[in-house]
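The values are calculated or read from the model by the stated rules, or taken from the named source; none is laboratory data. Quick caveat, the model's predicted, so the values are computed rather than measured. Cβ atoms come from the backbone with ideal geometry, glycine included; neighbour counts cover every protein chain shown.
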Amino acid sequence: MTGEPVPKGKQSALLAIGAVARRAGVTTRTLRYYQEMGLLHPSGVTMRGNRLYSDADVDRLQRILELRDVMGFDLERIRLILQTEDRLAQLRAEAARGTSPDRRREMVTEAMDLNARLQREVNERLGLLQGFLAELHAKASRYRDIVAELDADAARR
């Protein structure tokens, strides 16, 4: 860390922005941008204003990077997905505290709606990927046809 004071009880749990950036393979500028975009917020700040991140913050960063790099979502869709996942976590926490059957039904209905929203996002992305894959298959077929023509021409010579 930076050697600066951190909130009590958090001394060993928080990492400086540079350490988090190195661990995740991103720049500190990226972390600051994600904060500006409302995607990732540090759990603490030193007296000098340096951002500090918890293990949960690092996990969230990894989720952002997974959604960006593996799933190919843009930052606006990532924000929607994270907000949806955050709301689902809130509903789970409320359910764990105990609720009335009527409230539990409302919560499950909301969770189903949120789940359907996430499914639509993934299906849209999947559709784009399937379209790209179909293009690649068509190109591969054309390449095979060209090779067959070349082989036939060579056999005639």
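The table for this structure:
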{"quantity": "Subset of segment 64-81 [assigned to a helix (DSSP H, G or I) and touching a residue at least 12 places away in the same chain (Cβ under 8 Å)]", "calculated": "I64, L65, L67, L75, R77, I78, R79, L80, I81"}
{"quantity": "Matching residues in segment 9-40 - criterion: being in a loop (DSSP other than H, G, I, E, B) and closer than 25 Å to I81 by Cβ", "calculated": "G25, V26, T27, M37, G38, L39, L40"}
{"quantity": "Options R92, R125; residue that is closer than 23 Å to G38 by Cα, surrounded by 14 or more Cβ atoms within 10 Å (Cβ to Cβ) and of a type in the set (K, R)", "calculated": "R125"}
{"quantity": "Failed item in (1) farther than 24 Å from L128 by Cβ; (2) modelled with pLDDT under 95; (3) surrounded by 11 or more Cβ atoms within 10 Å (Cβ to Cβ), with F73 passing the rest", "calculated": "(1)"}
{"quantity": "Pair list, Cβ < 6 Å and 6+ apart or interchain, from segment 101-116 residues that are in a helix (DSSP H, G or I) to residues that are β-branched (V, I, T)", "calculated": "L114/T84"}
{"quantity": "Residue match in segment 41-63 (condition: over 15 Å from the mean Cα position of the chain (by Cα), touching a residue at least 12 places away in the same chain (Cβ under 8 Å) and assigned to a helix (DSSP H, G or I))", "calculated": "yes"}
{"quantity": "Residues of segment 17-58 satisfying the condition of being within 28 Å of G127 (Cα to Cα) and out of contact with any helix residue (DSSP H, G or I) (no Cβ under 6 Å at 6 or more places or on another chain)", "calculated": "Y34, G38"}
{"quantity": "Residue under evaluation T46, criteria (1) out of contact with any Pro (no Cβ under 7 Å at 6 or more places or on another chain); (2) modelled with pLDDT under 95, criterion not met", "calculated": "(1)"}
